[in-house]
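Asks: For reference, the structure I am asking about is given below.
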Amino acid sequence: MEELFADIVVPVSRGPFTFSIDGSDPPSPGTGVEVRLGRGRIYMGIVWRVHDERPAFPTKPVGRVMTQGAILTPRQMELWEWVARYYMCTLGDVMRFAMPAALKPSGRSEDEFARDEYRPATIRYVAFGDAVPDCAGLNAALDGLKRSRAQAAVVHRFFARFEGEEAFAGEMPVAELGVSAQVLARLAEKGIFKIYEKETVGGAVVPFDPAAVSLAELSDAQRRALDGVNEQFAERGCVLLHGVTGSGKTEIYMHMIADELAGGRSVLYMMPEIAMTSQLVERIRAVFGERVVVYHSKLGDRMRAEVYRRLLASEGGELIVGVRSSIFLPLPRLGLVIVDEEHDQSYKQAEPAPRYNARDCAVWMSSRWEAHCLLASATPSIESYVNARGGKYGFVRLDERYGEGRLPAVVISDSLRALKRGERKFHFDKALSDRMCRTLAEGRQVMLFQNRRGFAPWIECSQCGWVARCPRCSVTLTYHKKGDRLVCHMCGYAGRLPLVCPECGTPAPAMKGFGTEKVEEDVSAMFPEARVSRLDRDTASSLGRYERIVSEFARGETDVLVGTQMITKGFDFPRLGLVGILNADNLLNYPDFRASERAFQTMTQVVGRAGRSDGGGQAVIQTMQPDHPVIRQVQTADYTGMVDTQLAERSVFGYPPYGKLITVTLRHRDPVFVEQAASWLAAGMRRMFGDRVYGPHTPVVEKIGDENYFEILLKIENGRSFAAAKETLIALLETFSAHKEYRKVFVYCDVDPQ
Ligand code: ADP
Ligand code: ZN
Ligand code: ZN
């Protein structure tokens, strides 16, 4: 008999592993099988490739075949391979992340493995049994039931549910028949009924009926934008829609989605994590109803598995609304991918591997499978904008807000000047507090943005300059008034606020800076009548609390909403009249080449929440750098001006889009050792890549949870093969991992770091 082998992907960082398989009935690629790694754990692995190339080492046979048919489609396998290659990780890394946890059991023993195995939910069905194949059988059965009226009634009831003869092939859930367990058991004993279990998931979706959904009628400008997008799709797979905040991009998507569904194709609609839980999903559900499949990190393991299996069994016509992980779902007959807020950083996974960018995967996927890809944003990423301008993507602009909405008037307040003139109270310049006063008096709402949570971001001794730091990370501790604790935002460490300086004994170290908790308190002090709420990671600890804060504000039950980045995305509050950005300098001074672009995007998005329905919106930006170009560009909504400034800077240094980056990160508990290892690796990289290598240097936060970090940056200019550079780097990393000492250092690559 022919000897066959299978390369099997297992959810660990190594592999694939080769096992021997039964040649008479080999499992097809994509099938899940049980395998044991060495003498270690048992996993569900995925058959990747079946072949007859006997490896040099002895192979073990695979265990039982676990899935009926493939658990991965050929397209998913293709995507996994691309992700592993492009983002420099293993297929096992991809599997670990991409496959819902409940679908990949593992265990130390057979028992443990079996306990971990997913069992789809089932319901019990009833149908006529062997004794009742036709009318004659039915009559005979009923004759036999003359003395059991209850049983006869049930048989009649079942029969009446169908059109005559169809009853003999019909079935229905036991629950719908309304019958006691006892009666049912009797009927089953006699062979009149048979009872069986059926999985609840995997059912076909009802075909989409365009007449049954009501889409908003588009304005002329929206109609032109939609036509524009469709025209461009005739020539290009990917189109960038640059539409200002409040222009009604969502309504345009709805029309596009309906078209795809009507053609029986599926749509993947991606959005940043935080926007998911909000109003937006409700808006989509209001139009497309139960068909909408939602996929995000707050779903339980079981739900994720069910969504996955349902899509695996489906033939198309699905609408999946999800976050970055949803690109790994089975996407039957994919017609369109929408990447909403495509500039958003949360599309890029930083940790763990695969460190992929879901937006870029979407672009790759749709070109590969001839689907369309719509990238949309009010503030597109510079990379996407350059691709659109260069003709790689189609490009459509939508410059006006829907209806009466106008972009808000933006006032810049010079905080230093306000301070000198005595026009700053708490952390509010007069320009902002005056407007807050007026807005609240008019019965409208205010939103305040501060990108720090907690009360005071650092605690400092006024005498010796001592600052409270996390003992495990290289960051300052933030004081949280609620709970009266000093908290590390990197590792979660919590300690007490010292009464005296531990260095010099001076009493009461000073609270410096201000976070959202302090802002909330200040607003209440300044406007005692106002109802204030706060949205940040501390207050929105659960989905329920998050939704309550948002919906209370949307209904006008609160007047002022204070928040972090969380308030910037996807919201539509009709009564919001004023937006305040309390400290723009926090955003501008970040040491990263994308800081200005990010600051522009964040500020434009926050500002864009105001005056969306009535045009009376205003925004105040407090800053110590009123002449900073980015501040000016936000004020005048000068997106292209921002892009030009940034491109000029980036071209000098060869940053994206003029080149591509890979960060190599090293991690170890010993700071000296990790630095030595980093120097060794950087020297090796310099031999290969010359002055394209920068570092090693410590990242902004160099120590997290007692682990010390070093980074090496590799810049590959456009026109050079990025793929070839990666291969060279991988070869070098293999020597590093084989080094007698340095192999103890954990090292990984981040391709296209954000
Ligand atoms: P964007 O996503 O571009 O910021 P939205 O899609 O949230 O904008 O639209 C802003 C507001 O205008 C929403 O309240 C939306 O319901 C409303 N709107 C936009 N277009 C229409 C339309 N064609 N008909 C009715 N309402 C619309
Ligand atoms: Zn001191
Ligand atoms: Zn810490």
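The values are calculated or read from the model by the stated rules, or taken from the named source; none is laboratory data. Only a predicted model underlies this, so the values are computations on that prediction, with no experimental measurement involved. When we count neighbours, we look across all protein chains shown, and the Cβ atoms used for this are built from the backbone with ideal geometry, even at glycine. To get the accessible areas, we keep the full protein, side chains included, count just its heavy atoms, and leave off ligands, DNA and RNA. Shrake-Rupley method; radii C 1.70, N 1.55, O 1.52, S 1.80 Å.
Asks: Yes or no: residue 606 part of a helix (DSSP H, G or I), buried (at least 19 other Cβ atoms within 10 Å of the Cβ), modelled with pLDDT of 95 or more and not aromatic (Phe, Trp, Tyr)? Give the steps one after another, and end with the answer.
Replies: Numbers: part of a helix (DSSP H, G or I): yes; buried (at least 19 other Cβ atoms within 10 Å of the Cβ): yes; modelled with pLDDT of 95 or more: no; not aromatic (Phe, Trp, Tyr): yes.
No; evaluated as a whole, the condition is false for this residue.
Asks: With respect to the numbered conditions (1) in contact with a strand residue (DSSP E or B) (Cβ under 9 Å, 6 or more places away or on another chain); (2) more than 20 Å from residue 547 (Cα to Cα); (3) at pLDDT below 95; (4) surrounded by 20 or more Cβ atoms within 10 Å (Cβ to Cβ), which one is the sole condition not fulfilled by residue 305?
Replies: Condition not satisfied by residue 305: (1).
Asks: Right, something else. Which of the residues that make up the stretch 535-547 are open to solvent by less than 40 Å² (accessible area, probe 1.4 Å) and either over 35 Å from the mean Cα position of the chain (by Cα) or in contact (Cβ under 8 Å) with a residue 60 or more places away in the chain (or both)?
Replies: Across the stretch 535-547, the qualifying residues are 536, 546.
Asks: Right, here's the next one. Which one of 129, 137 is of a type outside the set (A, V, I, L, M, F, W, C), over 17 Å from residue 11 (Cα atoms), buried (at least 18 other Cβ atoms within 10 Å of the Cβ) and touching a helix residue (DSSP H, G or I) at 6+ places or on another chain (Cβ under 9 Å)?
Replies: The conditions single out 129.
Asks: Starting from residues that are open to solvent by 20 Å² or more (accessible area, probe 1.4 Å) and of a type in the set (D, E, K, R), keep the ones in the stretch 522-531 and report whichever is farthest from residue 446 (Cα to Cα).
Replies: 529
Asks: Hey, does the stretch 456-465 have a residue that's more than 16 Å from ligand 1 (Cβ to nearest atom), open to solvent by less than 20 Å² (accessible area, probe 1.4 Å) and within 31 Å of the chain's Cα centre (by Cα)?
Replies: Within the stretch 456-465 (the criterion being more than 16 Å from ligand 1 (Cβ to nearest atom), open to solvent by less than 20 Å² (accessible area, probe 1.4 Å) and within 31 Å of the chain's Cα centre (by Cα)), the answer is yes, since at least one residue qualifies.
Asks: How about the stretch 308-328: which of its residues are touching a strand residue (DSSP E or B) at 6+ places or on another chain (Cβ under 6 Å) and buried (at least 22 other Cβ atoms within 10 Å of the Cβ)?
Replies: Passing the criteria: 318, 319, 320, 321, 322, 326.
Asks: Taking the options 271, 303, name whichever one is of a type outside the set (Val, Ile, Thr) and under 30 Å from residue 574 (Cβ atoms).
Replies: 271
Asks: All but one of (1) charged (D, E, K, R); (2) at pLDDT 95 or above; (3) within 16 Å of ligand 3 (Cβ to nearest atom) hold for residue 438, so report the exception by its number.
Replies: Residue 438 satisfies all of (1) charged (D, E, K, R); (2) at pLDDT 95 or above; (3) within 16 Å of ligand 3 (Cβ to nearest atom) except (3).
Asks: Cβ-Cβ below 7 Å, separation at least six or inter-chain, first residue in the stretch 589-618 and aromatic (Phe, Trp, Tyr), second buried (at least 23 other Cβ atoms within 10 Å of the Cβ) and modelled with pLDDT of 90 or more: which pairs?
Replies: Listed by first residue and then by second, the contacts come to 600/379; 600/630; 600/633; 600/634; 600/642.
Asks: What about residue 104, is it more than 25 Å from the chain's Cα centre (by Cα), at pLDDT 90 or above and either small (Gly, Ala, Ser) or farther than 30 Å from residue 729 by Cα (or both)?
Replies: So residue 104 fails the test.
Asks: Within the stretch 611-644, count every residue that is hydrophobic (A, V, I, L, M, F, W, C) and closer than 22 Å to residue 397 by Cα.
Replies: 5
Asks: Could you name every one of the helices (runs of 4 or more DSSP H) located completely within the stretch 489-602 that has at least 2 residues being within 30 Å of residue 643 (Cα to Cα), among the hydrophobic types (A, V, I, L, M, F, W, C) and at pLDDT below 95?
Replies: Working: elements: 516-526, 543-554, 585-588.
Per the criteria, 585-588.
Asks: Residue check, residue 721 against (1) small (Gly, Ala, Ser); (2) in contact with a Lys or Arg (Cβ under 8 Å, 6 or more places away or on another chain); (3) open to solvent by 60 Å² or more (accessible area, probe 1.4 Å), all met but one. Which one?
Replies: Exception for residue 721: condition (2).
Asks: Take the stretch 335-382 and flag every residue that is farther than 24 Å from residue 571 by Cβ, open to solvent by less than 10 Å² (accessible area, probe 1.4 Å) and in a strand (DSSP E or B).
Replies: 335, 336, 357, 373
Asks: Taking the stated definitions as given, is residue 377 among the small types (Gly, Ala, Ser), in contact with a Phe, Trp or Tyr (Cβ under 8 Å, 6 or more places away or on another chain) and more than 15 Å from residue 273 (Cα to Cα)?
Replies: Values: among the small types (Gly, Ala, Ser): yes; in contact with a Phe, Trp or Tyr (Cβ under 8 Å, 6 or more places away or on another chain): no; more than 15 Å from residue 273 (Cα to Cα): yes.
Considered against the rule, which asks whether it is among the small types (Gly, Ala, Ser), in contact with a Phe, Trp or Tyr (Cβ under 8 Å, 6 or more places away or on another chain) and more than 15 Å from residue 273 (Cα to Cα), residue 377 comes out as no.
Asks: Mind listing just one residue for me: the one in the stretch 264-286 that is under 24 Å from residue 210 (Cα atoms), open to solvent by 30 Å² or more (accessible area, probe 1.4 Å) and not charged (D, E, K, R) and, of those, nearest to the chain's Cα centre (by Cα)?
Replies: Looking at residues that are under 24 Å from residue 210 (Cα atoms), open to solvent by 30 Å² or more (accessible area, probe 1.4 Å) and not charged (D, E, K, R), I get 279.
Asks: For residue 462, are the conditions met, namely being out of contact with any Pro (no Cβ under 6 Å at 6 or more places or on another chain), more than 16 Å from ligand 3 (Cβ to nearest atom) and of a type in the set (Ser, Thr, Tyr)?
Replies: Yes: the conditions hold for residue 462.
Asks: Is it the case that residue 681 is modelled with pLDDT of 95 or more, away from ligand 1 (no atom under 16 Å from the Cβ) and over 31 Å from the mean Cα position of the chain (by Cα)?
Replies: When the stated conditions are applied, residue 681 passes them.
Let's see how each residue does on (1) open to solvent by 20 Å² or more (accessible area, probe 1.4 Å); (2) under 30 Å from residue 708 (Cβ atoms); (3) within 16 Å of ligand 1 (Cβ to nearest atom):
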residue	(1), (2), (3)
452	yes, yes, no
475	yes, yes, no
482	yes, no, no
486	no, yes, no
498	yes, yes, no
506	yes, no, no
520	yes, no, no
533	no, no, no
549	yes, no, no
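Asks: For the stretch 611-667, give me each residue that is hydrophobic (A, V, I, L, M, F, W, C) and either assigned to a loop (DSSP other than H, G, I, E, B) or surrounded by fewer than 17 Cβ atoms within 10 Å (Cβ to Cβ) (or both).
Replies: 624, 637, 647, 648, 652, 653 - these are the residues of the stretch 611-667 that are hydrophobic (A, V, I, L, M, F, W, C) and either assigned to a loop (DSSP other than H, G, I, E, B) or surrounded by fewer than 17 Cβ atoms within 10 Å (Cβ to Cβ) (or both).
Asks: Considering only the stretch 356-383, state which residues are of a type in the set (Ser, Thr, Tyr), closer than 10 Å to residue 341 by Cα and in contact with a helix residue (DSSP H, G or I) (Cβ under 7 Å, 6 or more places away or on another chain).
Replies: Answer for the stretch 356-383, where residues must be of a type in the set (Ser, Thr, Tyr), closer than 10 Å to residue 341 by Cα and in contact with a helix residue (DSSP H, G or I) (Cβ under 7 Å, 6 or more places away or on another chain): just 379.
Asks: Give me the pairs: first residue in the stretch 256-268 and outside any strand (DSSP E or B), second residue modelled with pLDDT of 95 or more and not aliphatic (A, V, I, L, M), beta-carbon distance under 6 Å, and six or more apart or on different chains, which are they?
Replies: Pairs found: 260/335; 265/333; 265/335.
Asks: Shifting gears a bit: Within the stretch 233-263, take every residue that is among the small types (Gly, Ala, Ser) and within 14 Å of ligand 1 (Cβ to nearest atom) and give me the one that is surrounded by the most Cβ atoms within 10 Å (Cβ to Cβ). Give the steps one after another, and end with the answer.
Replies: Kept after step one, since they are among the small types (Gly, Ala, Ser), are these residues of the stretch 233-263: 234, 237, 243, 246-248, 258, 262-263.
In the following step, the residues that additionally are within 14 Å of ligand 1 (Cβ to nearest atom) were identified as 243, 246-248, 258.
Values: 243: 24, 246: 24, 247: 27, 248: 23, 258: 18.
Taking the candidates together, the pick is 247.
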